[in-house]
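Novice: Dropping a structure here in structure tokens format, bear with me for questions.
The values are calculated or read from the model by the stated rules, or taken from the named source; none is laboratory data. Everything numeric here is computed off the predicted structure, so don't read it as measured data. Neighbour counts are summed over all protein chains in view; Cβ atoms, including those assigned to glycine, are modelled from backbone coordinates with ideal geometry.
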Amino acid sequence: MNKVLIDTNVLIYTVDADSQYHHQSQGFLFNSANELFTTSKNISEFLSVITRGKNPVSIENAIKAADDFLTFIKILFPAEHSHIRFKKLLLRYKPSGLSVHDFEIAAIALSNNISQIATFNYNDCTPIKEITLIKL
């Protein structure tokens, strides 16, 4: 069984019935033969996105949606070893701006022996040679 980290966009599209990626996201998450993971940072991003915009979800419903994911997706948290990996990735690849967040997520994954990330945003982790993207 492969270990796969689920990116924030997959979580968002899974609950956004209006998204063109809704069925594809649900199909991947709910029919996966993989062992699924996400990070606390992905959950924070998920909550931030779905509680704002044109059709914001209440924080109570957003938390419930996140909790529902966590019944079958394991959550990973930053630790000292992931922070060290994060700094090494930053110095090696020299990202800037918002892409720094993606490097932290990748570092947490790599520190937990996860080298695959499922995403719709193909450019997020493209430069990180240690990561294989599962392009949905």
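Conditions (1) at pLDDT 95 or above; (2) assigned to a loop (DSSP other than H, G, I, E, B); (3) in contact with a Ser or Thr (Cβ under 6 Å, 6 or more places away or on another chain); (4) among the small types (Gly, Ala, Ser), marked per residue:
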residue	(1), (2), (3), (4)
GLU60	yes, no, no, no
ALA66	yes, no, no, yes
THR71	yes, yes, no, no
LEU89	yes, no, no, no
ARG92	yes, no, no, no
HIS101	no, no, no, no
ASN123	no, yes, no, no
THR126	no, yes, no, no
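Novice: Next question. How many residues are touching a Leu at 6+ places or on another chain (Cβ under 8 Å) and surrounded by 13 or more Cβ atoms within 10 Å (Cβ to Cβ) when one looks only at region 113-123?
Specialist: The qualifying residues number 6.
Novice: Ok, one more. Say we look at region 67-94 and pick out the residues that are buried (at least 18 other Cβ atoms within 10 Å of the Cβ) and touching a residue at least 24 places away in the same chain (Cβ under 8 Å); which of these is nearest to LYS3 (Cα to Cα)?
Specialist: The extreme case among them is ILE73.
Novice: For region 13-61, name all the residues that are charged (D, E, K, R) and within 24 Å of ASN113 (Cβ to Cβ).
Specialist: Residues satisfying the conditions are GLU35, LYS41, GLU45.
Novice: Quick one: how many residues across region 12-48 are within 25 Å of SER99 (Cα to Cα), among the aromatic types (Phe, Trp, Tyr) and more than 13 Å from the chain's Cα centre (by Cα)?
Specialist: Counting residues in region 12-48 that are within 25 Å of SER99 (Cα to Cα), among the aromatic types (Phe, Trp, Tyr) and more than 13 Å from the chain's Cα centre (by Cα) gives 2.
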